[in-house]
1. Determine whether the range 85-100 contains at least one residue that is assigned to a loop (DSSP other than H, G, I, E, B) and in contact with a Leu (Cβ under 9 Å, 6 or more places away or on another chain).
2. Return only the number of the condition from (1) buried (at least 18 other Cβ atoms within 10 Å of the Cβ); (2) touching a residue at least 40 places away in the same chain (Cβ under 8 Å); (3) closer than 26 Å to Leu144 by Cβ that Ile304 does not satisfy.
3. Please specify each residue of the range 116-154 satisfying the condition of being within 12 Å of the ligand (Cβ to nearest atom) and in a loop (DSSP other than H, G, I, E, B).
4. Of the residues that sit in the range 138-177 and are of a type in the set (Val, Ile, Thr) and over 21 Å from the mean Cα position of the chain (by Cα), which one is nearest to Lys81 (Cα to Cα)?
5. Listed residues Glu329, Glu323; which is out of contact with any Ser or Thr (no Cβ under 8 Å at 6 or more places or on another chain), within 26 Å of Ile106 (Cα to Cα), in contact (Cβ under 8 Å) with a residue 24 or more places away in the chain and surrounded by fewer than 22 Cβ atoms within 10 Å (Cβ to Cβ)?
6. Would you confirm, using the coordinates I've provided, whether Asp309 is more than 8 Å from the ligand (Cβ to nearest atom), charged (D, E, K, R) and at pLDDT 95 or above?
7. Looking at (1) hydrophobic (A, V, I, L, M, F, W, C); (2) closer than 30 Å to Ala20 by Cα; (3) assigned by the TED database to the domain that holds Val236, which is the one condition that is false for Leu184?
8. Restricting attention to the range 24-44, does a residue exist that is in a loop (DSSP other than H, G, I, E, B), modelled with pLDDT of 95 or more, surrounded by 17 or more Cβ atoms within 10 Å (Cβ to Cβ) and more than 9 Å from the ligand (Cβ to nearest atom)?
Amino acid sequence: MYDLIVIGAGPGGYVCAIRAAQLGLKVACVEGRETLGGTCLNVGCIPSKALLHASHMLHESHENFEKMGLTGAKVKLDWAKMQGYKAETVGGNTKGIEFLFKKNKIDWLKGWGSIEAPGKVRVGETLHEAKNIVIASGSVPSSLKGVEVDNDKGIVVDSTGALSLPKIPKSMVVIGAGVIGLELGSVYARLGAEVTVIEYLDVITPGMDAEVQKQFQKVLTKQGLTFILGAAVSGVEHGTGKAEVKYSLKKDGKEQALKADCVLVATGRSPFVDGLGLDKLGIDLDARGFIPVDRHWQTSASGIYAIGDAVPGPMLAHKAEDEGMAVAEVIAGKHGHVNYDVIPGVIYTMPEVASVGLTEAAAREAGRKVKVGKFPFMGNARAKAVMQADGFVKLIADAETDRILGCHIIGPNAGEMIHEVCVAMEFGASAEDLALTCHAHPTTSEAVREAALACGDGAIHV
Ligand code: FAD
């Protein structure tokens, strides 16, 4: 009898299993994939970041090396080798989780698990018993009506297929201007594809701060991506060669078509709960297919919890991890907690885009009086030295209390810089607290301090 069986070994599940084992529980984790790490390590965060890094290096070598006096033979792309580098990165990480499971004496139950009743998990022929069960079954790419994905053919693909295309397409249409579509679209644009992004809404990266959206679209356009916004895709046809994307612009309703060697469907992700047996347990899904949970991640069935992409909230690896740790603590009788107001979101393009907390519009809509401190990277010496001065930091603070409500950054290292604001927000800091904190020079983080100064008496370097 286990104290805990976790179903799914993505960032939610494996972190939950490790924390529970550290707290002295006897733990098993069921995983149907060949390797641990879930979507994130196998076909998500990690392989995409390997390709983003490699394609950025290629882009730098072509665009900026000469400016810095680095001349010589032009760097060429070897796609098979780049795929090898990506696979090695993934393999190193998934093996790392296997090592951590062994170190923490967690049993990996290999296969697909289903819950026969509270406390009973079937994996293949074997029925395992546990005092508690955590569902961390994650998500899969959402489908789009009229579009059939076939990752093996490599013509109409989802994010999984796009990570392993047989060759670099000459042209690519990305359906959906969200995080995944723009990251992978950038990869192929840097590798030489002509990339067109079609988005239903009138803006890219819905939910993001409006000024950041505008700047981000401008920067990506400069990098060669073309955007068709306010367009509804009705279908994709393809034979053996090119695919044809049919869409209509919302403003006139006229049907249009665009041909491309490859179409990436990146219209979001849906919770994956197939085969878990939730209906037998009386666990009803919400309208969008997520598993409803209470504030301790408990489902409607006793002793069964759920976390990560399978439950409502931002579909992010670190949100899943935080819930994994917290639910393990709850099960072990401690006080697990996740602060959903301070979950950063990062887009790993170049420049990176990062945000945490409220946007200016959301804060105003909530009736808050706000002050906004903005600082452009053009005023930051380090950003200029590395030729990445496109972008800015925008800090939102409460006009009366000066408490930081949110931060939005587009610029170099945004994904790292955002964390000082996260820590500040966790401690209930004011913009002045950040402004009074000495920041090393020359760093891009100085731009965060300058934005905080701009919430008060003014930034220095503008
Ligand atoms: P998952 O990682 O989806 O893991 C669930 C696991 O459960 C899977 O391995 C699945 O095989 C297993 N499973 C499901 N059902 C069963 C069953 N019945 N029995 C046994 N095993 C089962 N997020 C970020 O924060 N940063 C990023 O940079 C980022 N980049 C991304 C890039 C791409 C291309 C994609 C697709 C996603 C990206 N994400 C990113 C999102 C991130 O991958 C997910 O939010 C995260 O993986 C969710 O973790 P999870 O543990 O809930 O589920």
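The values are calculated or read from the model by the stated rules, or taken from the named source; none is laboratory data. Since the model is a prediction, treat every value here as computed from it, not as a measurement. Note that each Cβ is placed from the backbone with ideal geometry, even for glycine, and that neighbours are counted across all protein chains shown.
1. Taking the range 85-100 first, the residues assigned to a loop (DSSP other than H, G, I, E, B) are none.
No.
2. (3)
3. Matches in the range 116-154: Gly124, Ala136, Ser137, Gly138, Ser142.
4. Ile168
5. That would be Glu329, the only listed residue that is out of contact with any Ser or Thr (no Cβ under 8 Å at 6 or more places or on another chain), within 26 Å of Ile106 (Cα to Cα), in contact (Cβ under 8 Å) with a residue 24 or more places away in the chain and surrounded by fewer than 22 Cβ atoms within 10 Å (Cβ to Cβ).
6. On the way: more than 8 Å from the ligand (Cβ to nearest atom): no; charged (D, E, K, R): yes; at pLDDT 95 or above: yes.
In short, no.
7. (2)
8. There is at least one residue in the range 24-44 that is in a loop (DSSP other than H, G, I, E, B), modelled with pLDDT of 95 or more, surrounded by 17 or more Cβ atoms within 10 Å (Cβ to Cβ) and more than 9 Å from the ligand (Cβ to nearest atom).
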